[in-house]
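The values are calculated or read from the model by the stated rules, or taken from the named source; none is laboratory data. Just so it is clear, the model here is predicted, and its values are computed rather than measured. For neighbour counting, all protein chains shown are included, and Cβ atoms are generated from backbone atoms with ideal geometry for every residue, glycine included. Only protein heavy atoms, including side chains, enter the accessible area calculation; ligands, DNA and RNA are left aside. Shrake-Rupley method; radii C 1.70, N 1.55, O 1.52, S 1.80 Å.
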Amino acid sequence: MKAILQLLHLAGVIVWIGGMFFAHFCLRPVAATQLPPPQRLPLLAAVLGRFFAVVAASILLIIATGLSMMLPVGMAQAPLHWHLMLTTGLLMTAIFSVIYLRYFPRLRSGVATADWPAAGAALNIIRQLVAGNLGLGAATVAIAVLGKYL
Ligand code: HEM
């Protein structure tokens with residue numbers, strides 16, 4: 001059972017971190033250089049809409065499987081790196097919530113009304129928040145994997 005939980009936990013992590021890496025380092029820079037705002041912003045809003053829905057499901061999976069592995073051991077007995085993973089995981093979830101509930105709707109409404117400056121400003125904030133979450137995600141993976149050897 002633990003192996004299945006860990007497999008599902010890692011599947012969610014791979015989708016979330018891998019998707020952010022692709023969006024930040026591959027998709028966005030190329031779209032920025034090759035497409036003008038009236039083409040780039042609707043494309044990125046549509047791509048991010050699909051990705052964020054998958055991320056929301058992945059987060060539920062990551063937290064559910066993470067807590068299912070942690071709670072039977074007991075919070076008091078759980079090693080430090082599990083507590084750190086829970087903390088950074090919840091911080092990442094909070095940042096994602098700000099992206100999804102605050103700035104992504106601004107991007108969509110800017111695109112819907114062809115207000116490219118407003119859509120571009122929202123996308124710029126989303127880009128910075130995603131970069132922050134990518135850094136936190138990489139740190140969380142390092143804590144999770146290396147923590148058990150310390
Ligand atoms: C948010 C709540 C989370 C909880 C409660 C949680 C809890 C756990 C637990 C209990 C394990 C099993 C560790 C072991 O048996 O040694 C685990 C494994 C792991 N978690 Fe999390 N986790 C959470 C979020 C995250 C996040 C956000 C990431 C990455 C961004 C992550 C990455 C990992 C990795 C890579 C492993 C495998 C470590 C290994 O076996 O080498 N976790 N998690």
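Please state the relative contact order of the chain as a whole percent: Cα pairs under 8 Å, 6+ residues apart?
Numbers: 107 pairs, mean separation 49.5, N = 150.
Result for the chain is 33 percent.
Please arrange L71, L136, L61 by accessible surface area, largest first, computed with a 1.4 Å probe and ligands excluded.
From most exposed to least exposed: L71, L61, L136.
How big is the equivalent ellipsoid of segment 2-147 along its three axes, where each semi-axis is √(5λ) from the Cα gyration tensor, reported in whole Å from largest to smallest? Show your work: numbers first, answer last.
On the way: eigenvalues 220, 37, 31 Å².
Semi-axes, largest first: 33, 14, 13 Å.
In square angstrom, rounded to the nearest 10, how much accessible surface does V15 have for a 1.4 Å probe?
Spelled out: V15, probe radius 1.4 Å, area about 60 Å².
When the solvent-accessible surface of protein heavy atoms is calculated with a 1.4 angstrom probe, in what order do Y149, Y100 fall, highest first?
Details: Y149 175, Y100 65 Å².
My answer, sorted largest first, is Y149, Y100.
Count the net charge of all other residues whose Cβ sits under 12 Å from the Cβ of A23, scoring Lys and Arg as +1 and Asp and Glu as -1.
Values: positive: R28, R50, R127; negative: none.
So the surrounding residues net to +3.
Considering only the other residues whose Cβ falls under 12 Å of the Cβ of Q34, what net charge follows from Lys and Arg at +1 and Asp and Glu at -1?
Values: positive: R28, R40; negative: none.
Surrounding charge for Q34 is +2.
Separation between the T33 and L7 pseudo-spin-labels, each 7 Å from Cα along Cα→Cβ, expressed in nm?
So the label points at T33 and L7 sit 4.1 nm apart.
Nearest 20 debye, what's the magnitude of the dipole of segment 2-147 about its Cα centre given +1 on Lys and Arg Cβ and -1 on Asp and Glu Cβ?
200 debye
Would you calculate, for the chain, the mean residue ellipticity at 222 nm contributed by helices, counting each DSSP H stretch of 4 or more residues as -39,500 (n - 2.57) and dividing by all residues, to the nearest 500?
-28000 deg cm²/dmol
Of G12, F96, A122, whose Cα points farthest to the positive end of the dipole of the chain (charges on the beta-carbon: +1 Lys, Arg; -1 Asp, Glu; origin at the Cα centre)?
Of the options given, the answer is A122.
From largest accessible area down, sort F25, F51, F104; use a 1.4 Å probe on the protein chains.
Reading off the accessible areas and sorting them downward yields F25, F51, F104.
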